[in-house]
Structures are given as C-alpha cells and as structure tokens.
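Computed from the coordinates by the stated procedures, all read-outs in this text should not be read as laboratory data. These numbers come from a predicted model, not from an experiment. Ideal geometry is used to build each Cβ from the backbone, glycine not excepted, and the neighbour counts take in all protein chains shown.
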Amino acid sequence: MTSEPDGSHGRPSHDGAKPDSALVVEHLTKRFAERVAYEDVSFDVGYGEVFGFLGPNGAGKTTTVRTLGTLVAPTSGSATIVGIPLSAESGPAIRARISIMPESPGLYLRLTVAENLECFARLYELRDVRGRIDRVLQAVNLTERASDVCGALSKGLRQRVALARALLSDPEVLFLDEPTSGLDPVATRDVHGLLDALRARGVTIVLTTHRLEEAERLCHRVAILNTTLRLVGRPDELRAQLFSRNLEVRTRTQLDEPGRVFDGLAHVEGWEQSPTGSYVLNVTDPDAAAPGIARALVAANADILSVAESHHSLEDVYLEVVDEDVEAKR
Ligand SMILES: Nc1ncnc2c1ncn2[C@@H]1O[C@H](COP(=O)(O)OP(=O)(O)OP(=O)(O)O)[C@@H](O)[C@H]1O
Ligand SMILES: [Mg+2]
C-alpha cells in the first residue's frame, strides 16, 4: 500500500490481481445449512470506488459484507481483497487493510467515546493510539464529545462513533452496512458529508443501504442483490438498460390531432397521452428527436410548455428488479 502525504491511498498494483480492483469476487456462495444467504455472486470494485449494495431484507447483503470482511467463510467461490486471496490463513492480513462498520454500532455504552476508541485501537493492536483517536474524532467532528458516555449519545452520534471506530486503522477498503439506518435527515446528511470526504481521499467504500437516493447520491456503481446478483452498473446505466427513453411534451392546450403531429417523426417510435394530459413519446435518442418534435408542434400551432426527457429514478429500477418478498418465502 502506498500512502500519500495527505493520507490518501494510491492505487497499488498487486501481482496476480487486476491492479485497479480493490475487490474481485468470483462465483461466491454462502449457505447456512440449507438456507442460501447469497449465491454465485461475481463483481469487482476499483480502488477509490464507492460501490453500493441494494436489495430487500434477507437478500444477503450483510452476509456478503461479512464474507468479504473475513468474518464468515464462503461456501464456495473465490474473492481477492486488496490483492490478497481470501482464505482462512489470509484473514489477519486482509483485516489489517480493511474495516467494517456493522449494522449496529457495537459500542460499550458505559464507556466514553474516547475510551471506546482506545479500547478498539488496542484490540486492533494499532500504534500511536492517541494520535489516531484524535484524527478520527476530528474526521467525524466529534472532538468536543470525546468525554461523553456513549450510552448518553443520540443514535446519529453513536453512528458517527462507529464510523470513527472503523476509521481507526486507516483502512484501504471500508465496508459500511447501512450507515444511515434510522437516522434523521440532518444526521443522514452529516454521515453523507463524512463519506464524501472519505471518497475524496480515495478510500474504497462498499456501502449497503435501503435508501435508494443515498445510493444514487454517493455511489459510482450499484449492485442489486436478491440472493443472486441481479444488476451491476452506474445508476444512469441501469436506468438506460431497463427503460426505454422517453420525451414528455407539455402543451398549453390539448392537440386536436396528436397523431398527425407525432406519427412518423424521425427518432419517434410511438407515443401516448398521459393521464395528466401531456404526451409521452418513446424515442430512440432524445437529443436527436427533440428538435423535430418542436418543429412539428410549432407547425401545428401548438403552444409548447416543455419538451423534456422523463427520468426514471433508481427506485424505479429497483422495483423493476426486486418485486418479490424473498425472505418470507424461505
Ligand atoms: N448466521 C446465520 N445463520 C443462519 N442464517 C443466516 C445467518 N446470517 C444470515 N442468515 C440468513 O441469510 C440470509 C441473508 O441474510 P443477510 O443478513 O445477509 O441479509 P441482508 O440483505 O443484510 O438483509 P437486511 O436488509 O434485512 O439487513 C437471510 O435469510 C438470513 O436469515
Ligand atoms: Mg443486512
């Protein structure tokens, strides 16, 4: 690992692994007796990438994170983490380079923030415990609360202490399991700000979340897991892959003969009127189609209010892919 003067990580190259991949996961499966937690999962994550894991309850997100974090052994398949093949023997070497922020913060509630961090720093056998604690407290803006007992902190602040704890070892890859679960909008925004700062420093982040807008805002790419991996890609790629492209035309008054305006236009494959009265045109390429549509509307004496691409959210993509209650069926 190379460490830049500002504390950011360079892009190390490891023999035998793709130099740009912090994680390479191939056909990984985990079963607990007869129950399949996840199956045949393959993906890779580049250094410095923020990779989101979405999926319903019981989809296997936490178990995947625990497997890659060397806390549970996979049933089959392989993975390479920061260039180190995952095995029973390589656990300590991998754990020295990564960190996990689990679903529940797991703090000693009777100890203060600083005592908790000290306790974990000693457990991880880290050097320069004082300096590290100061740095992580600063990173999560908790310096002022170092002497507060953790049991007296709000959920949002406890989550920040848990993040500080995960940062103690200056990890190259940080796994965050639902870091904003149960937090109010302000606390969520604070955690997002902290993650932005980590992202800017080049820390590789694997984030599980049920908040689709969070994945959309923070992640370079997202994976949708529902026991098997359903989709992986940038949010905009997933939208384009799943949905045809549409232009929505709004006019001040209804068109007398919309078919005469829209039928046969270049790049327009079909159209329909929406319940709100606008016209939704199915197009092959919105940029190529829009000028011709505008000209046709003007020629028909229509008062155009807008011609705009209609966007699907990541939520639409998610619902298209994950439409069943997997957990209750098992
Ligand atoms: N230690 C375990 N023993 C037996 N089954 C387990 C164990 N851990 C997880 N499972 C099962 O594996 C499946 C995946 O669970 P997991 O916790 O990974 O899902 P998840 O995607 O993180 O869900 P959530 O969104 O609710 O956190 C579930 O059916 C769960 O019951
Ligand atoms: Mg989970």
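Structure data summary
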quantity	calculated
Burial ordering of K155, K61, K30, fewest other beta-carbon atoms within 10 Å first	K155, K30, K61
Coordinate range along principal axes, alpha carbons of the chain, Å, largest first	76, 46, 44
Fewest-first ranking of C119, C150, C219, using other Cβ atoms within 10 Å as the exposure measure	C119, C150, C219
Selected from V261, V232, V24 as most flexible by GNM, with the chain as the system and alpha-carbon contacts under 10 Å	V261
Total formal charge among the other residues, if their Cβ is under 15 angstrom from that of R95, Lys/Arg +1 and Asp/Glu -1	-1
Global form of the stretch 108-172, assessed from the alpha-carbon gyration tensor, a/c cut-off 1.5	prolate
Protection proxy ranking, peptides 81-87, 175-181, average beta carbon neighbours within 10 Å, highest first	175-181, 81-87
D285-H27 pseudo-label distance in nm [points 7 Å out on the Cα-to-Cβ vector]	4.1 nm
Fluctuation leader among V149, V307, V50 - the chain, Gaussian network, Cα springs under 10 angstrom	V307
Ranked H312, H27, criterion: other C-beta atoms within 10 Å, fewest first	H27, H312
Protection proxy ranking, peptides 157-165, 287-295, 123-131, average beta carbon neighbours within 10 Å, highest first	157-165, 287-295, 123-131
Once the Cα gyration tensor of the stretch 244-311 is diagonalised, semi-axes √(5λ) in Å	16, 13, 11
Length-normalised contact order of the chain in % [C-alpha pairs under 8 Å, at least 6 apart]	19 percent
For the stretch 244-311: relative contact order, % (alpha-carbon pairs under 8 angstrom, 6 or more apart)	49 percent
Residue-averaged [θ]222 nm for the chain, counting only DSSP H segments that reach four residues, each worth -39500 (n - 2.57)	-9500 deg cm²/dmol
